[in-house]
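Input: a single structure, listed below in structure tokens.
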Amino acid sequence: MTFKLTELPYDRDALEPHISARTLDYHYGKHHNDYVDKLNENAAGTRYEEMSLEDAIRTSFRKNDKSVYNNASQAWNHTFLWESMKPGGDGRPAGTVSDMINEQFGGLDTFRKQFKESAVAQFGSGWTWLIADEDTLAIVSTSNADSPLTTDTTPLLTLDVWEHAYYLDYQNSREKYVDAFLEHLINWDFVQANLDALDARSQLRASR
Ligand code: FE2
């Protein structure tokens, strides 16, 4: 097994009442696990086995190796999703993230409104992201397994809007699930850490 299922960073009941342990049993224990298993099956005996997960995503995207790409990207997206949430998140950013949200969206309420509109409007399966495009923050949604990793932008936060992410808890109301994420679950420390890593990379490039 080349690619491993990452550990869930909290207990399966830790996001209750907003996301149930039953949902995480399926979403993490079955769906995420299956993407990793299928990636290993498809990568077996190929050069993808030697790559990091990120390199496997970018290379399979470029070469249009769909079975590797879809499973690799879904494996990565789900790990990023688990980190994007935390138990007891009160939905309020701090530090430079808070300043950037205020400057670029005009405040947390507008950010939430725009994120929700994008997530609800995404037709079918996909993901909604907060990304950094150089110094600019933006909200984008992607279809199926796609992520910002195959673009020049940097993902900071994500929400899975595949139906398997919310159907057990919210049935067909993606809207209620998105509200719960925005108000109770966002891990803003993770967003800040991703921004800090981006700053460090930019400074390193500038110093060369
Ligand atoms: Fe998912």
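Worth a mention:
- Qualifying residue in region 20-40 (condition: within 16 Å of the ligand (Cβ to nearest atom) and assigned to a loop (DSSP other than H, G, I, E, B)): yes
- For region 72-112, a tally of residues being under 26 Å from Tyr170 (Cβ atoms) and part of a helix (DSSP H, G or I) returns 19.
- Flag not set for Pro17, criterion: buried (at least 17 other Cβ atoms within 10 Å of the Cβ) and either more than 16 Å from the ligand (Cβ to nearest atom) or modelled with pLDDT under 95 (or both).
Matching residues to (1) at pLDDT 95 or above; (2) charged (D, E, K, R); (3) farther than 24 Å from Gly89 by Cα:
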| position | (1), (2), (3) |
| --- | --- |
| Asn144 | yes, no, yes |
| Trp162 | yes, no, no |
| Ala180 | yes, no, no |
| Ser202 | no, no, yes |
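- For Met100, the conditions (1) more than 16 Å from the ligand (Cβ to nearest atom); (2) closer than 18 Å to Gln192 by Cβ; (3) within 19 Å of the chain's Cα centre (by Cα) are fulfilled apart from (3).
- Being free of Cβ contacts under 8 Å to residues at least 12 places away in the same chain and either more than 16 Å from the ligand (Cβ to nearest atom) or surrounded by fewer than 19 Cβ atoms within 10 Å (Cβ to Cβ) (or both) is not true of Gln192.
- Yes/no for Glu49 being surrounded by fewer than 20 Cβ atoms within 10 Å (Cβ to Cβ) and within 16 Å of the ligand (Cβ to nearest atom): no
- Qualifying residue in region 52-62 (condition: assigned to a loop (DSSP other than H, G, I, E, B), away from the ligand (no atom under 14 Å from the Cβ) and surrounded by 13 or more Cβ atoms within 10 Å (Cβ to Cβ)): no
- Looking only at residues in region 82-112 that are aliphatic (A, V, I, L, M) and surrounded by 14 or more Cβ atoms within 10 Å (Cβ to Cβ), the one that is nearest to Tyr10 (Cα to Cα) is Met85.
The values are calculated or read from the model by the stated rules, or taken from the named source; none is laboratory data. If you're wondering where the values come from, they're calculated on a predicted model, not measured in any experiment. FYI the Cβ positions are ideal-geometry reconstructions off the backbone, even for glycines, and counts take in every protein chain you see.
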